[in-house]
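Structure first, commentary second.
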Amino acid sequence: MPRKHLLDVNLLVALTEPAHQHHRAAHAWFSQSGKDCWGICPLTEAGFIRVTTNPAYRPQQRSLAQAIAILQSLKAYPRYCYWPMRASWVELTAPLAARILGHQQVTDAYLLGLAIREDGVLVSFDRALRFLAGEEFAGHLQILD
């Protein structure tokens with residue numbers, strides 16, 4: 001059985017926004033292997049809604065109802081699994097603490113910690129996550145090009 005994939009916010013946005021610079025790569029990954037066992041968590045849901053409803057992000061503002069409808073349509077895909085947040089930030093990021101260098105890694109560290117705890121894989125375009133994972137947790141991270 002394939003490992004579960006946790007999509008980060010940027011990948012989720014790229015998957016649903018045709019104008020996103022990584023839209024093609026996101027779709028290629030999803031159609032080849034991502035849809036086999038994938039999901040999102042409350043942080044990635046909230047991040048998706050925050051980004052895609054921001055009037056500065058899109059020329060035509062998306063309503064909250066539209067963003068929620070997009071998420072609901074994604075959740076209808078077979079093999080979707082929801083990743084609940086059952087542990088605190090401190091608990092999940094403890095294995096990564098020595099490599100968390102600043103405030104911009106707070107969410108990434110939580111998502112990677114969640115992937116580690118659930119024996120899954122965090123999928124992202126963010127190459128900086130490789131340092132956060134280190135060799136020890138590299139198997140819980142997939143960086144798309």
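For region 113-137: of the residues being of a type in the set (Lys, Arg) and assigned to a helix (DSSP H, G or I), which is farthest from Arg86 (Cα to Cα)? The qualifying residue farthest from Arg86 (Cα to Cα) is Arg130. The residues on offer are Asp108, Asp119, and the sole one that is acidic (Asp, Glu) and closer than 15 Å to Asp8 by Cβ is Asp108. Val51 meets the conditions (1) within 14 Å of the chain's Cα centre (by Cα); (2) of a type outside the set (D, E, K, R); (3) at pLDDT 95 or above in every case but one. The failed one is (3).
The values are calculated or read from the model by the stated rules, or taken from the named source; none is laboratory data. Everything quoted here is computed from the prediction, not taken from an experiment. So basically every Cβ, Gly included, is an ideal-geometry build from the backbone, and we count neighbours across all protein chains shown.
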